[in-house]
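> Mind looking over this structure? Questions follow.
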Amino acid sequence: MIKAVTGTKDILPDEIPAWKLVEKTIERIFHNFNYKEIRTPVFEETSLFARGIGEETDIVGKEMYSFTDRSENNITLKPEMTASVVRAFIEHSLGKQQSLNKLYYVSPMFRQERPQAGRLRQFHQFGAEALGSTSVYLDVEMIQMAFEILKELGLKDLNVKINSLGTPESRNAYKEKLRKFLIDKKNKLSEDSRKRFDKNILRIFDSKDENDKKIMKDAPLLLDHLDSESKESFEIVKETLKLSGIPFEVDPYLVRGLDYYTKTTFEIISGKVGSQNALCGGGRYDLLAEHLEGEPTPGVGFAAGIERILLACENEKSLKSPEENIDLFITRLDDELSQKVFEIALNFRRKNLSVDCDYLDRSLKAQMREANKLKAKYVLFIGGDEYKSGMANLKNMESGEQKLVQIDKLDEVLLSQK
RNA sequence: GUGAGCGUAGCUCAGCUGGUUAGAGCACCAGGUUGUGGCCCUGGGGGUCGUGGGUUCAAAUCCCAUCGCUCACCCCA
């Protein structure tokens, strides 16, 4: 049997209502904040991600779905959206038509990792990017939108973490300080952390090794070494978040894995989804546009994982997606009437009623069971003596009431009761 | 890339100190009312016990390999 490729999943009809509800919520909240949707291709030239996300990151280093196509182009299925959005922004000179662009997206993403709870090889993210302003209020707006969407979906067990990475200059100066602090302790660190020492020294703060933790307790903190501008904007972020009524905690160890972040970074964690618990993450990236050879353009954004959110909703039992039902099920008492039933069905379908009927030549009883299963509001019985006089029984499935109606007057009867 | 656990019906699982035709619940189909659902009752269909090999008189059950899934590490949504 051919099965879906490892790490990919079918979304079956039963699960669609939950997805639709999430998608509707996303669209509503982004509209409230006046963000416009953007759609970009699922694949891009590999170099876009290599340069945009950073050669040293795990995403680029070992997780990309890359291949060469028949014309020898290096292609990669998008592992995240920010680089693509910024590429489109530059390519179409969106910044020249409008000084601030507030964009959002919902799209599948691809990363070749070992699947586990809350991690797939094809997964879905939604997110937003605001390009063209350094205003910290946009930083806060990202958190507000993400938080609002999660709250609307009924999630409660949430933890908002924020941090500031400062400007690249202050961060590099700080990294140097940290390197000096660690250099003589390096051989006492765990193997993983020793690797991080060269690759991404800030990541050593994430180590779960007890001894590493002990060493890092006395390490200098990035937050204490911010440039004055980053420090000030971080203060405003915190104050504004407070005013927004969004509970948060400052996590000086929150280091996002993508190279392009500057200043504000944040993450929203769920306590209900296992070990891949980041529902959403984001931050400011003021230098990305020029990295990609565009006009220098400040930006902020975030991305959230739909599968993880759905997992959290399931575990918190927070999602009440509406029941699916149909307006009318038409049964047939005599087999010869199939065509008539089909004709009546089309008539109502054209009038925007949701209508179904039997296609399996089943007994009336079976048809009724089907109607019940589909939660039909009404059942129409076509056939018998009453049909000969142009009549049919119409049954209200909830009350059980049934009345004889004239078939050619069904329109007004049904449409008025809808 | 590393580690652990698990693969029996469409789904959830029982059976596993090896021993007659492999079970249950749910779902599905039919009947109980030859023109009427939800509850109930009766019956039915559906399984190479993931795959391959080995041990044995005998394997779903023990051993090995392989594939797949799951969870965790790394990292991230």
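The values are calculated or read from the model by the stated rules, or taken from the named source; none is laboratory data. These figures come from a predicted structure and were not determined experimentally. All Cβ positions, glycine included, derive from the backbone under ideal geometry; neighbour counts span all protein chains shown. Just so you know, the surface numbers come from the protein's heavy atoms only, side chains and all, with ligands and any DNA or RNA stripped out. Shrake-Rupley method; radii C 1.70, N 1.55, O 1.52, S 1.80 Å.
> Whole-Hz Karplus ³J(HN,Hα) for the stretch A:330-340, in order, using 6.51 cos²θ - 1.76 cosθ + 1.60 and θ = phi - 60°, x for Gly and Pro?
9, 9, 10, 8, 10, 4, 5, 8, 3, 5, 4
> Rolling a 1.4 Å sphere over the protein heavy atoms, what is the accessible area per residue of the stretch A:328-417, to the nearest Å²?
With the other protein chains kept in place, the stretch A:328-417 gives 60 Å² per residue.
> Order of A:283-289, A:60-66, A:245-251 by packing, highest average Cβ count within 10 Å first?
A:283-289, A:60-66, A:245-251
> What residues from the stretch A:52-76 fall in the zone where the backbone N is under 17 Å from a label point 7 Å along the Cα-to-C-beta line of residue A:191?
Within reach of a label on residue A:191: no residues.
> Ignoring ligands, DNA and RNA, what percent of the accessible area of chain A is carbon or sulfur (1.4 Å)?
Solvent-exposed carbon and sulfur of chain A make up 48 percent of the total.
> Please give the Cα centre distance for the stretch A:323-342 versus the stretch A:87-110, rounded to the nearest Å.
Their Cα centres are 49 Å away from one another.
> Under 20 Å from a point 7 Å along the Cα-to-Cβ line of residue A:133: which residues of the stretch A:35-75 have their amide N that close?
A:35-38
> Rg and Dmax of the stretch A:111-238 over Cα atoms: what are they, in angstrom?
18.1, 50
> While we're on this one: Please tell me the relative contact order of chain A in percent, rounded to the nearest whole number, where contacts are Cα pairs under 8 Å and at least six residues apart.
Result for chain A is 16 percent.
> Can you give me the long-range amide H partners of residue A:37? Hydrogens built in the peptide plane at 1.01 Å from N, cutoff under 5 Å, separation of 5 or more residues or another chain.
Distant-sequence amide H within range of residue A:37: A:104.
> So what are the ³J(HN,Hα) numbers for the stretch A:311-324, from phi and the Karplus equation (6.51, -1.76, 1.60; θ = phi - 60°), rounded to whole Hz, Gly and Pro as x?
Running phi through 6.51 cos²θ - 1.76 cosθ + 1.60 with θ = phi - 60° gives 4, 4, 4, 4, 6, 8, 6, 9, 9, 10, 6, x, 5, 8 Hz.
> Using the 2.2 N^0.38 Å rule of thumb for compact globular proteins, work out how chain A stacks up: its C-alpha Rg over that value, please.
In units of the globular-protein estimate, chain A measures up at 1.30.
> Any idea how far apart residue A:362 and residue A:236 come out in nm if each label point goes 7 Å out from Cα toward Cβ?
6.4
> Could I ask something else about it? Which values of log₁₀ I(q)/I(0), to two decimal places, follow from the Debye formula for the stretch A:108-147 at q = 0.24, 0.26, 0.28 Å⁻¹ with a uniform point scatterer at every Cα?
For the stretch A:108-147 at q = 0.24, 0.26, 0.28 Å⁻¹, log10 I(q)/I(0) is -0.78, -0.83, -0.89.
> Sticking with the crude label model, points 7 Å out along Cα→Cβ, report the distance from residue A:347 to residue A:65 in nm, one decimal please.
Calculated label separation equals 4.8 nm.
> Follow-up. How much length is gained on full extension from residue A:1 to residue A:113, taking 0.36 nm per residue of separation minus their Cα-Cα distance?
So the extension gain works out to 38.0 nm.
> Taking a 20 Å limit on the Cα-Cα distance, which of the listed pairs A:208/A:263; A:20/A:317; A:161/A:242; A:177/A:263; A:351/A:377 fall beyond it?
A:208/A:263
> Expressed as a whole number of Å, what is the distance separating the alpha-carbon centroids of the stretch A:205-222 and the stretch A:238-267?
20
> Next up: What list of ³J(HN,Hα) couplings, whole Hz, do you get for the stretch A:12-29 from phi and the Karplus terms 6.51, -1.76, 1.60, once you set θ to phi - 60° and write x for glycine and proline?
The phi angles translate into 7, x, 4, 8, 4, x, 5, 4, 4, 5, 5, 4, 4, 4, 4, 4, 4, 5 Hz.
> With every protein chain left in place and a probe of 1.4 Å, what is the accessible surface of residue A:20, to the nearest 10 Å²?
It works out to around 120 Å².
> Okay, moving on. How far apart, in nanometres, would the label points at residue A:58 and residue A:409 be if each is projected 7 angstrom from Cα along the Cα-to-Cβ direction?
7.0
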